[in-house]
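Chemist: Below you'll find the structure I mean.
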Amino acid sequence: MLKNYLKFSLRHIRRNKIYSSINIIGLAIGIAGFFLIMLWVQDELSFDKFHENRDSIYRVVCETKGEPFFGSPAPLAPTIANELPEVLRSTRLYRVPRFVFGYEEKSFYEDNGIVVDPAFFHMFSFPFIKGSLETGFTNPDHIVITESMAQKYFGADDPINKKINVEGEGFLVVGGVLKDIPANSHLQFDYALPYVFLQDVRLCGLEWGDFNFKTYVQLNLPLNQEDVQKKITQIAIDNDCPQIKYDGFSFSLQSLKDMYLHPISAYDIQLGDMKYIYIFSIVALLLLGVACINFINLSTARAIVRVKEVSIRKTVGADRRHIIAQLWSEFFVFALSASVIALAIVQVAMPYFNQLTEKQLALHFMQPHMLILMISAICCCGLVAGLYPAISISVFQPVRLMQRQTMGLNSPFLRRLLVVSQFALSILLIVCTLVVAQQMRYIHDKSWTLRDDVVLHMPIKENIGIKFDVVKNELLLHPNIVAVSAKDALPTMLNNNTTGVWWTGKTDAQNSLHIETIRVSHDYFTTMGLALTEGRAFSQDFSDDEGVAYILNEEAVRQTGLSDPVGKSFALYRRQGPIIGVVQDSYFHTLKQPKRPQAFYLFTNLPREGFFGSVFIRISKTQSHADVQAVISHIESVWRGVNQIAPFEYHFLDQTIQKQYQDEQRLMFLFGIFSAVAILISCLGLFGLATFMAERRTKEIGIRKALGSTVPGVIMLLTRSFATWVLIANIIAWPLAWFIMNKWLQNFVYRTEMTWWMFVLAGGMAFVIALLTISWQAIRAATANPVEALRYE
Amino acid sequence: MIKLIDIEKYYANKFVKTFVLRNISLDIQEGEFLTIMGPSGAGKSTLLHIVGMLDDMSSGEYYFYDEPVHQLKEKDRTRLHQQNIGFVFQQYHLIDDLTVYENLETPLIYKKVKGSERKSMVADMLDRFSIVAKKDLFPNQLSGGQQQLVAIARALIINPKLILADEPTGNLNSKQGFEIMDMLKELNDQGVTIVQVTHDEKKAEYGNRIVNLLDGWMEESGT
Ligand SMILES: Nc1ncnc2c1ncn2[C@@H]1O[C@H](COP(=O)(O)OP(=O)(O)O)[C@@H](O)[C@H]1O
Ligand SMILES: [Mg+2]
């Protein structure tokens, strides 16, 4: 029996090529999209799961009056591990600023280093492959590096006990080599230094008041989280941690399992985002849904043709179960071939998809959950999608056949509903894509006001700081370099955000106000193209400026409530001085974050204070590519004139700023692609439906033409009903799209408006796509010879 | 064999009932060759479908042997029909996707006849109708007469006790038509009960009893 069902299913598929291929291809594309997205989702969800202690590791988070903050003071980790029996182990983590490392004649910038306690390697599963924790991670000059970093510096040589040169000033001894950090780890690093390193080289404050560290703890389970949080906070109070004791902050715990997908604030390691997991899961289901709707549509539309076959089968003795089994086996064959094609598509698309997502995904057929996913996809498509068509076809009374009519089948409500919902989904996706694109453009436009000009930046490394004046003068010798300045960090980074500020008229309520304090050199505002709205900029003509004069940005003026700020007093810690000017707000950070209040003041010791800073170089407008290259060569020669070790490096500021949106942009691009795929599948379905309708109406069209109807008249006849469907679909999709995108835009502090044209454009696009798809069929039908059409019957 | 008592059939739409059959009472004996005649639209086909259990009646009683068909569940009706009734139509109604061989095999599959047995039954039937050479062709590769032969072969393959033929020669030329009628007559001689619908007086004479239908009312004319 089964063999017969399958045999006839295959026969049926072969003998109805257009219908079958549209159905199978549509389904295959849908399943392929579903798989790709699910692989991505699965990878995102797999973050940090490889740690053996994943259930017991927590991060200490500082709850402030505003957004929570992931910093904590250096003494916290050892103190709580000693005093609290609940804490099994603890480690501090400090991100090392960029260093130049060298070995023999090789040298590289290393951005990705951490300082941790030895317990770190007991808590997290980052195994050593050479050396050991006990012998290679104890001295201040020990360094542990990853396999790839070892390869980079030492090639095939044994890295253990090799000496790495740091900034030409000192040496670190390789004490161990780690297995490469898995891509699905939220902690990414190339090398690690033991905490004792910091006691030798003071990179940051190590007191109870300096929140420069992340603290990770491994707790004894089961655990009373509330209770432990209280105890940690109490310990900080007992040790006179000022932020906790006086500002009313407290400590809480965040599980390792939440760290990747639930960043605690916009400034957190913003790697993953649960929101996108939801969005993409929904898109995956939509793809599958659209493909299934196609399937149902085409199959039920075909029902009219199959009435005859089904009726005959019934007259020769089939009952309903036979018919359903027959149809189902057919749908199953559809789904199965679609799945096989889908897997082929996934395999082919994988490298491109990986490039887009910057992941290393692969399809493992033998993984049980992949098999389960596959089987459920097939069952879902073949059976659920086949359910309605199978039942609706099987219930025909065989007499319908003899009556040669298909009453009640000409306008099945459900099929219209499905076509309309398919259109509605397509329109919804188009609107979403448009809004997303618009928001991305808005960010691009808004995020930097100087797009005509070019600003380059290079790190203050080796002798750049000490010889800054020389460097600046030499740079300015080039005719196309109009301004040069320095800042203590990249403007995209949040640096020195502090409550330790005072101004004339500060109230108690403003005690928790954070102001970002920024050290710059002369000409900073000119270089960055920021205009002063009040007062003046720092100037060499006023020797008093250095160290005591402040310039606030407009947001700082607004939040401090200063009226007429120029001339009023401002203080950072105990350095008090006059406010000499107000500068316009800049948008160097991402627009997901609110505007920052900022206070600028001059470097007093640039080589020391600017150690992690950058030099900014503004190039005059409208330079050709060759001119820009010439400027860069000039900058390089200046660099080489003062530096011996540090490799030359420069960046375009606008690219640095755009990089902050890279993840988002990449995801949005993916979203656009999958929307397009969904729309493509809808079109396939529409095409199939149109083909089918035109076929069915061949006779009617023949009669109409015999009676004198024109070709355009016939085309109108065929397109009219589709037009109505598109209209209804618009009415459904618009409010839905508005609602969803409004929610999404809420993520941005600065956001574009949704305008009516996006909706009209989406509706129009859907209409045009539908029109194009069906007109081919309509024209073919309309231009056919009417005699032939009539003879057909 | 068949006993119809006061059969009525109507189609109801919102306000009106359109009667197709009224007060039909009919006995058909085993081995009979009954002819139903009447103008187009009189309800002949409807009556045949009801007898063949392809359609429900609106009211009335129907006994097939002693089984009250009007009270049976769909499953049991299908079984009765599967075992006992073969259909032949004016438009042949072969399944387009299946070869001659497979068309013949289909009723046996539904009747759950074993594979080996099925093979020999189909082979017999192909032999008997001299269509062995055509067994792998699809219906659209055959002439009308050949298709009707296959259709009759398909009706016969389950060894039915009753054959219902709705204008079986309507689409054939007269030579083919009489060949088909001869074949039905032969079957009747072997004991198969036959009910046919026809417009043609000559073909009506093959039967041994004629029933006339007019607007759903039945009148029996003598033999
Ligand atoms: N589904 C239906 N709804 C309404 N009327 C129907 C339906 N099916 C058949 N009829 C009507 O029943 C009548 C008898 O049809 P039929 O039995 O096919 O007649 P005959 O076979 O004698 O030509 C016709 O008038 C036809 O219009
Ligand atoms: Mg009829």
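The values are calculated or read from the model by the stated rules, or taken from the named source; none is laboratory data. Not measured: the values here are computed from a predicted model. So basically every Cβ, Gly included, is an ideal-geometry build from the backbone, and we count neighbours across all protein chains shown. Accessible surface is based on the protein model in full, side chains and every heavy atom, while ligands, DNA and RNA are left aside. Shrake-Rupley method; radii C 1.70, N 1.55, O 1.52, S 1.80 Å.
Chemist: Of the options B:Tyr110, A:Phe154, A:Ile466, report the single residue whose Cα projects farthest towards the positive end of the charge dipole of the protein assembly as shown (beta-carbon charges: Lys, Arg +1; Asp, Glu -1).
Modeler: B:Tyr110
Chemist: Only bridges whose two residues both fall in chain B count here: according to DSSP, what percent of them are antiparallel, nearest 5?
Modeler: For chain B, the DSSP antiparallel bridge percentage is about 55.
Chemist: What three numbers, in Å, describe the spread of the alpha carbons of the protein assembly as shown along their principal axes, ordered from the longest?
Modeler: Its Cα atoms span 133, 65, 55 Å along the three principal axes.
Chemist: Take the eigenvalues of the Cα gyration tensor for the stretch B:3-102, scale each by 5, and report the square roots as semi-axes in whole Å, largest first.
Modeler: Numbers: eigenvalues 113, 70, 49 Å².
Those come to 24, 19, 16 Å.
Chemist: So how tilted is helix A:2-15 from the main axis of chain A? Cα-based, degrees 0 to 90, rounded to 10.
Modeler: That helix lies at roughly 90 degrees to the long axis.
Chemist: Further question on the same structure: Stokes-Einstein at 4 °C, 1.567 mPa s, Kirkwood radius from Cα pairs: D for chain B in µm² s⁻¹? Working shown, then result.
Modeler: Working: Rh = 18.2 Å.
Approximately 71 µm²/s, per Stokes-Einstein.
Chemist: Now, a different point. Inside 10 Å of the C-beta atoms of A:315-328, what's the mean count of C-beta atoms belonging to other chains? Can you show the working numbers first?
Modeler: On the way: counts 15, 20, 17, 6, 8, 3, 2, 4, 0, 0, 0, 0, 0, 0.
If you average over the peptide's residues, the count of other-chain Cβ atoms is 5.
Chemist: If R0 is 45 Å, what FRET efficiency do you get for A:Lys163 and A:Glu207 from their C-beta distance, rounded to 0.05?
Modeler: Numbers: r = 32 Å, r/R0 = 0.71.
According to the calculation, E is roughly 0.90.
Chemist: What's the local net charge at B:Lys112, with K and R +1, D and E -1, over the other residues with C-beta under 11 Å away? Can you show the working numbers first?
Modeler: Details: positive: B:Arg79, B:Lys111, B:Lys114, B:Arg118; negative: B:Glu117.
Net charge around B:Lys112: +3.
Chemist: Still on this structure, please answer the following. Using a Gaussian network model of chain B with C-alpha springs under 10 Å, which one of B:Lys111, B:Lys185, B:Lys203 is most mobile by mean-square fluctuation?
Modeler: Evaluated over chain B, the most mobile residue of the options is B:Lys111.
Chemist: Between B:Glu201 and A:Trp738, what is the label-point separation in nm under the 7 Å Cα-to-beta-carbon projection?
Modeler: It is 7.7 nm.
Chemist: Shifting gears a bit: For the ranges A:232-243, B:171-182, A:428-439, what's the packing order if you count other beta-carbon atoms within 10 Å of each residue, average per peptide, and put the highest first? Each step should come with its number before you reach the end.
Modeler: Details: A:232-243: 18.2, B:171-182: 15.4, A:428-439: 22.8.
Ranking, from highest mean packing down: A:428-439, A:232-243, B:171-182.
Chemist: Using the Cβ atoms and a cut-off under 15 Å, what net charge is assigned to the surroundings of A:Leu356, where Lys and Arg are +1 and Asp and Glu are -1? Write out the running numbers ahead of the final one.
Modeler: On the way: positive: A:Lys359, A:Arg666; negative: A:Asp43, A:Glu44, A:Glu358, A:Asp663, A:Glu664.
My count for the surroundings of A:Leu356 gives -3.
Chemist: Please state, as a whole number in µm²/s, the translational diffusion coefficient that the Stokes-Einstein equation yields for the stretch A:57-259 at 37 °C and 0.692 mPa s, with Rh defined as the Kirkwood radius across alpha carbon pairs. Write out the running numbers ahead of the final one.
Modeler: On the way: Rh = 17.8 Å.
For the chosen part, D equals 184 µm²/s.
Chemist: Here is a further query. In the stretch B:2-222, what percent of the accessible surface is made up of carbon and sulfur (1.4 Å probe, ligands and nucleic acids excluded)? Display every interim value, and only then the final one.
Modeler: Working: 4680 of 10020 Å².
Answer for the stretch B:2-222 is 47 percent, counting heavy atoms of protein chains only.
Chemist: Taking H as built 1.01 Å from N, whose amide H comes closer than 5 Å to the amide H of A:Val583, not counting residues under 5 places away?
Modeler: So A:Val583 has HN proximity to A:Thr533, A:Leu552, A:Asn553, A:Glu554.
Chemist: Within 10 Å, count the other beta carbons around each residue, average over each peptide in A:192-201, A:651-660, and list them highest first. Working shown, then result.
Modeler: Numbers: A:192-201: 18.2, A:651-660: 16.6.
Ranking the peptides A:192-201, A:651-660 by packing returns A:192-201, A:651-660.
Chemist: Right, another one. Placing +1 on the Cβ of each Lys and Arg and -1 on the Cβ of each Asp and Glu in the protein assembly as shown, which of A:Ser624, A:Gly382, A:Phe413 has its Cα farthest towards the positive end of the resulting dipole?
Modeler: Positive-most Cα among the choices belongs to A:Phe413.
Chemist: A follow-up question, please. Calculate the mean, over all residues of peptide B:107-117, of how many other protein chain Cβ atoms lie within 10 angstrom of the residue's Cβ.
Modeler: Rounded to a whole number, the mean comes out at 3.
Chemist: Next question. Per residue, how much accessible surface does the protein assembly as shown expose to a 1.4 Å probe? Answer in Å², no decimals. Display every interim value, and only then the final one.
Modeler: Working: 44690 Å² over 1016 residues.
For the protein assembly as shown, the per-residue accessible area is 44 Å².
Chemist: Going by average Cβ neighbours within 10 Å, how do the peptides A:222-228, B:192-198 rank, with the highest at the top? Numbers along the way, then the final one.
Modeler: Values: A:222-228: 13.0, B:192-198: 23.9.
Going by the mean number of other Cβ atoms within 10 Å, highest first, we get B:192-198, A:222-228.
Chemist: Continuing with the same structure: Where nothing but the Cβ of Lys and Arg (+1) and of Asp and Glu (-1) is charged, how large is the charge dipole of the protein assembly as shown around its Cα centre, in debye to the nearest 20?
Modeler: On the way: 97 positive and 101 negative charges, 685 e Å.
Rounded to the nearest 20 debye, it is 3300 debye.
Chemist: Right, here's the next one. If you place +1 on the Cβ of every Lys and Arg and -1 on the Cβ of every Asp and Glu, how big does the dipole about the Cα centre of chain B come out, in debye to the nearest 20? The partial results should precede the final answer.
Modeler: Numbers: 25 positive and 32 negative charges, 113 e Å.
The dipole of chain B has a size of about 540 debye.
Chemist: Which order do A:Tyr550, A:Tyr109 take by accessible area at a 1.4 Å probe, largest first?
Modeler: Values: A:Tyr550 0, A:Tyr109 35 Å².
Solvent-accessible surface, decreasing: A:Tyr109, A:Tyr550.
Chemist: Shifting gears a bit: Provide the percentage of antiparallel DSSP beta bridges, counting only those with both residues in the stretch A:57-259; round to the nearest 5.
Modeler: In the stretch A:57-259, DSSP labels about 80 percent of beta bridges as antiparallel.
Chemist: Computed on protein heavy atoms with a 1.4 Å probe, what is the summed buried accessible area for the chain pair B and A, in Å² to the nearest 100? Each step should come with its number before you reach the end.
Modeler: Values: alone 11470 and 35790 Å², together 44690 Å².
What B and A bury together is about 2600 Å².
Chemist: Let me ask you something else. Using a basic spin-label model with each label point 7 Å from the Cα along Cα→Cβ, how many nm lie between B:Asp27 and B:Glu8?
Modeler: It works out to 2.4 nm between the two label points.
Chemist: Related question: What value in Å³ per residue do you get for the convex hull of the alpha-carbon atoms in the stretch A:462-645?
Modeler: Values: hull volume 24.2 nm³, N = 184.
Once divided by residue count, the hull of the stretch A:462-645 is 132 Å³.
Chemist: List, largest first, the extents of the alpha carbons of the stretch A:416-528 along their principal axes, each in whole Å.
Modeler: 75, 51, 25
Chemist: Counting only other chains, what is the mean number of Cβ atoms within 10 angstrom of the Cβ of each residue in peptide B:55-61? Walk me through the numbers before you get to the answer.
Modeler: Details: counts 6, 2, 0, 0, 0, 0, 0.
Neighbouring Cβ atoms belonging to other protein chains average 1 per residue here.
Chemist: While we're looking at this one, here's another question. So for chain A: antiparallel DSSP bridges make up what percent, rounded to the nearest 5? Before the final figure, lay out each step's value.
Modeler: Values: 67 of 85 bridges.
Antiparallel bridges make up about 80 percent of those DSSP assigns within chain A.
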